[in-house]
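Here the structure is laid out as structure tokens; the discussion comes afterwards.
The values are calculated or read from the model by the stated rules, or taken from the named source; none is laboratory data. Note that the structure is predicted; figures quoted are calculated from it, not measured. Note that we place each Cβ from the backbone using ideal geometry, even for glycine, and neighbour counts take in every protein chain shown. Note: areas computed on protein heavy atoms with side chains; ligands, DNA, RNA excluded. Shrake-Rupley method; radii C 1.70, N 1.55, O 1.52, S 1.80 Å.
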Amino acid sequence: GVVLLLDHCKSSPQLISTNIAQLFDVFVLRLRDCNQKVNQQALEVLALMVPMLRDALHPVLVPLVAAVTENLNSKHLGIYTA
């Protein structure tokens, strides 16, 4: 699902921007997922999506920053690096 969201950001950024609040309500949960592989992939995808969505991220910036900040405390090297 995370990779599919990235694909949609590449192909239809306006669609994602229009529905960003609903989409990122679910995406933020992936950033907090207990499965480390899902969590790491979501962080990596987020890094790729930020330049594509730039100004559209304003409505979801607070929950995104909170979720990313939580991952800075991770002992998992892949998550911390992402």
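Using the structure shown, decide if residue 54 is of a type in the set (Lys, Arg) and at pLDDT 90 or above. No.
Taken together, the criteria exclude residue 25 from residues that are among the charged types (D, E, K, R) and open to solvent by less than 80 Å² (accessible area, probe 1.4 Å). The set of residues from the range 25-49 being small (Gly, Ala, Ser) and either within 10 Å of residue 2 (Cβ to Cβ) or not in a helix (DSSP H, G or I) (or both) comprises just one member, 42. Taken together, the criteria place residue 56 among residues that are in contact (Cβ under 8 Å) with a residue 24 or more places away in the chain, in a helix (DSSP H, G or I) and surrounded by 11 or more Cβ atoms within 10 Å (Cβ to Cβ). From the residues in the range 59-82 that are aliphatic (A, V, I, L, M) and not in a helix (DSSP H, G or I), which one is most open to solvent (accessible area, probe 1.4 Å)? Per the stated criteria, the residue is 72.
If the condition is being among the hydrophobic types (A, V, I, L, M, F, W, C), open to solvent by 60 Å² or more (accessible area, probe 1.4 Å) and touching a helix residue (DSSP H, G or I) at 6+ places or on another chain (Cβ under 8 Å), then the range 28-53 contributes 48, 50, 52.
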